[in-house]
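Enquirer: Okay, handing you the structure first.
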Amino acid sequence: MATVLVLVTTADGAADKVSLQALTLGRGLAAGGPVHALVIGDEGAAAGLGPWGATHVHVARHPELDAGTTAPDAWGRILDDLAASLGAGIVVGPGTETGNTVVARAAARAGLPFAANCTSVAAGDPVTVTRVRWGGSLLEEAAIHADRAMLTVAPHAIVASEAGGTAAVEAFTPALDDADLAVRVVGTVPAPTGGVSLADAKVVVSGGRGAGSAEGFAPIVDLAGLLGAAVGCSRAVTIAGWRPHTEQVGQTGTKIAPDLYIACGISGATQHLAGCKGAKRILAINKDPEATIMSAADYAVIGDLHEVVPAISAEIRRVRGL
Ligand SMILES: Cc1cc2nc3c(=O)[nH]c(=O)nc-3n(C[C@H](O)[C@H](O)[C@H](O)COP(=O)(O)OP(=O)(O)OC[C@H]3O[C@@H](n4cnc5c(N)ncnc54)[C@H](O)[C@@H]3O)c2cc1C
């Protein structure tokens, strides 16, 4: 049975959602055997991993690596070193930008292949995976011919589930050179989301080129406010400079899994759908009944978003007596 090591990244002192999904997958691959987890810098998150199936949590501490400081080369080296010292046969990370960046570096250091964004994984010799390719338009089945399978889990492809249990927390002291720390995140600027995170929002109201302008987003932002939703957008919008990249949904934006995704004036390009196909329900508001988004939508309103969206908001206000 392969030894399994899971990279856990954190936010606000706890494992992030996609890392818990990775841990759930790792637990399944370990099939009752030990599940090792690696947390870098953020010691506070370690104790909370036992209930999610980690049996051993390794906390890498280094004076230059406080909680919230990501140094991709250093993290890759730490992951590679720990995997080697444990003799890990499978290393799993979250398929986020950080997770993919770090696991790719760890794989490169060891000269191993790397399978990113897996939706399912079967342990064995070789380990076999199904993974998302080409912006979500293709699912590839592949076998990893290597002594150690290095992979990440596509966001929201696995439902995170608790297993109960407690984890032994151990310190891992990494050896790092200045070169490993040359590239690192030295600060973060919170996105102006109005308090609702795009990645975690239950409802997302998103606008595309059909909004027409930055000012044309006013009814979309208004509806999002009424629904307690996050505002999203397409790449056409971020390229035009109407909204920030932090709001972009898609292959090169954020991948979301809300209960409801309201896509206003968005055509539904493959690269956009790659980011929103995790939504439980999609409502498309579009002038064009033939738009590609219609084939992905559960509900559709054919019309001008500048009329339809304010009408929805007006009805919400009427019902709520606002
Ligand atoms: C490598 C790569 C990565 C990419 N990554 C992403 C990504 O992460 N996210 C992303 O979104 N795109 C991405 N794209 C771009 C993608 O291919 C599309 O170009 C983009 O999604 C189109 O945005 P859109 O739907 O807003 O615009 P359009 O395709 O121009 O569609 C506008 C839609 O609005 C409708 N419309 C117009 N006026 C109105 C109105 N008044 N009321 C209602 N409907 C109206 C039209 O009927 C049309 O369907 C990527 C492309 C590449 C090559």
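Just so you know, all these numbers are worked out from the coordinates, no wet-lab data involved. Note that the structure is a prediction, hence the values are computed from the model and not measured. Note that each Cβ is placed from the backbone with ideal geometry, even for glycine, and that neighbours are counted across all protein chains shown.
Enquirer: Out of the range 227-243, which residues are under 27 Å from Glu97 (Cα atoms), surrounded by fewer than 22 Cβ atoms within 10 Å (Cβ to Cβ) and away from the ligand (no atom under 12 Å from the Cβ)?
Expert: Of everything in the range 227-243, those that are under 27 Å from Glu97 (Cα atoms), surrounded by fewer than 22 Cβ atoms within 10 Å (Cβ to Cβ) and away from the ligand (no atom under 12 Å from the Cβ) turn out to be Gly228, Gly241.
Enquirer: In the range 247-266, which residues are surrounded by 19 or more Cβ atoms within 10 Å (Cβ to Cβ) and either under 30 Å from Arg320 (Cβ atoms) or more than 20 Å from the chain's Cα centre (by Cα) (or both)?
Expert: Matches in the range 247-266: Glu247, Val249, Thr254, Ile256, Ala257, Pro258, Tyr261, Ile262, Ala263, Cys264, Gly265, Ile266.
Enquirer: Okay, moving on. Can you go through Ala279, Ala224 and tell me which one is in contact with a strand residue (DSSP E or B) (Cβ under 6 Å, 6 or more places away or on another chain), over 30 Å from Ala116 (Cα atoms) and more than 8 Å from the ligand (Cβ to nearest atom)?
Expert: Ala224
Enquirer: If only one of Ala107, Ala115, Ala149, Ala201 is within 30 Å of Glu307 (Cβ to Cβ), under 21 Å from the mean Cα position of the chain (by Cα), away from the ligand (no atom under 16 Å from the Cβ) and buried (at least 21 other Cβ atoms within 10 Å of the Cβ), which one is it? Write out each step before concluding.
Expert: On the way: Ala107 fails: within 30 Å of Glu307 (Cβ to Cβ); Ala115 fails: within 30 Å of Glu307 (Cβ to Cβ); Ala149 fails: within 30 Å of Glu307 (Cβ to Cβ).
The unique qualifying residue is Ala201.
Enquirer: Also, I was wondering about something else. Taking interchain pairs and intrachain pairs at least six residues apart, which have beta carbon atoms under 6 angstrom, with the first residue in the range 154-165 and in contact (Cβ under 8 Å) with a residue 12 or more places away in the chain and the second assigned to a loop (DSSP other than H, G, I, E, B)?
Expert: Ala154/Gly95; Pro155/Gly95; Pro155/Lys255; His156/Ala257; His156/Gly278; Ala163/Gly53
Enquirer: Just one of Ala300, Ala263 is more than 7 Å from the ligand (Cβ to nearest atom), closer than 22 Å to Gly225 by Cα and without any contact (Cβ under 8 Å) to a residue 40 or more places away in the chain; which is it?
Expert: Every option except Ala300 fails the conditions.
Enquirer: Still on this structure: Those residues that are more than 8 Å from the ligand (Cβ to nearest atom) and aliphatic (A, V, I, L, M), I need them from the range 244-260; list them, please.
Expert: Within the range 244-260, Ile256, Ala257, Leu260 meet the criteria.
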